[in-house]
Amino acid sequence: EPGAIYAIGLDTAYGLNTPNEDRSSLTVHKHDPETDPDVQVASFTSLQVNSAQMARIAAAVAVLYGTDGKGNIISGNPLIAKFVIEQIRKPGDTCQHELKLMGFLDHHIMHHYDDRGNIDPTKGSKEGWRTSRWSRSILLERFVEAVTLGRLILNDPIVIRQLPEFVRKYQERGISEMIHGLGCHDDGIFSAA
């Protein structure tokens, strides 16, 4: 859609095609500054795609959504699309590096979102989403809030099927963590978040 801004979230995996393995997952969200809510417009999930292969798929998807097919950028983002790639738990660094080599340079920069005041864009330097105990809860709480309040419309049947099995589990001292149920997966949720 001309003028729309697209964000592509990726949760990569090893692509070994085993049933209980994490899946590689890609989600495209469309944001139009004039309208609300954001909408999930595309998704891709696979047991057979590794991080390097996912970079090529993500590049093709970015070109599909951000250009007119004739080399003209129609996205509201002059860099075509913003990429948010999960980095710590999976081989996301390879995917991010490959996309940068292909010329896709708009990647999420990690900040300390709980600091006081506004985020200073000059202070962040690490690209991608760095999942840790601290950032995982921020990511997932904001995702739940966006979906629950209708600010993000999900359309991927895989993500929608994963939602009921994604629960809050309480540990010692009242600490809780959002996690998938036994034998279930959350890859689509992470790429969408």
- Mind checking which residues of segment 145-193 are open to solvent by 40 Å² or more (accessible area, probe 1.4 Å), modelled with pLDDT of 90 or more and farther than 13 Å from THR27 by Cβ? GLU145, THR148, LEU149, ARG151
- Message: I'd like to verify a number: residues in segment 160-179 that are part of a helix (DSSP H, G or I), of a type in the set (A, V, I, L, M) and without any contact (Cβ under 8 Å) to a residue 24 or more places away in the chain, how many?
- Response: 1
- Considering residues that are under 22 Å from LEU105 (Cα atoms) and part of a loop (DSSP other than H, G, I, E, B), the number found within segment 14-37 is 2
- For segment 85-98, does any single residue satisfy the condition of being assigned to a helix (DSSP H, G or I), open to solvent by less than 50 Å² (accessible area, probe 1.4 Å) and polar (S, T, N, Q)? yes
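Here is a yes/no grid of residues against (1) open to solvent by 20 Å² or more (accessible area, probe 1.4 Å); (2) of a type in the set (A, V, I, L, M):
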{"residue": "GLU34", "(1), (2)": "yes, no"}
{"residue": "ASP38", "(1), (2)": "yes, no"}
{"residue": "ALA42", "(1), (2)": "yes, yes"}
{"residue": "VAL49", "(1), (2)": "no, yes"}
{"residue": "ARG56", "(1), (2)": "yes, no"}
{"residue": "ALA60", "(1), (2)": "yes, yes"}
{"residue": "VAL63", "(1), (2)": "yes, yes"}
{"residue": "GLY69", "(1), (2)": "yes, no"}
{"residue": "ASN72", "(1), (2)": "yes, no"}
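Quick check on segment 132-144: of everything there that is open to solvent by 60 Å² or more (accessible area, probe 1.4 Å) and not hydrophobic (A, V, I, L, M, F, W, C), which residue is nearest to VAL41 (Cα to Cα)?
Among those that are open to solvent by 60 Å² or more (accessible area, probe 1.4 Å) and not hydrophobic (A, V, I, L, M, F, W, C), it is ARG142.
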- Item | Matching residues, segment 38-79, being of a type in the set (A, V, I, L, M, F, W, C), under 26 Å from ILE160 (Cβ atoms) and assigned to a strand (DSSP E or B) | VAL39, VAL41, ALA42, PHE44
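The values are calculated or read from the model by the stated rules, or taken from the named source; none is laboratory data. Quick caveat, the model's predicted, so the values are computed rather than measured. Cβ atoms come from the backbone with ideal geometry, glycine included; neighbour counts cover every protein chain shown. These area figures cover heavy atoms from the full protein model, side chains too; ligands, DNA and RNA do not enter into them. Shrake-Rupley method; radii C 1.70, N 1.55, O 1.52, S 1.80 Å.
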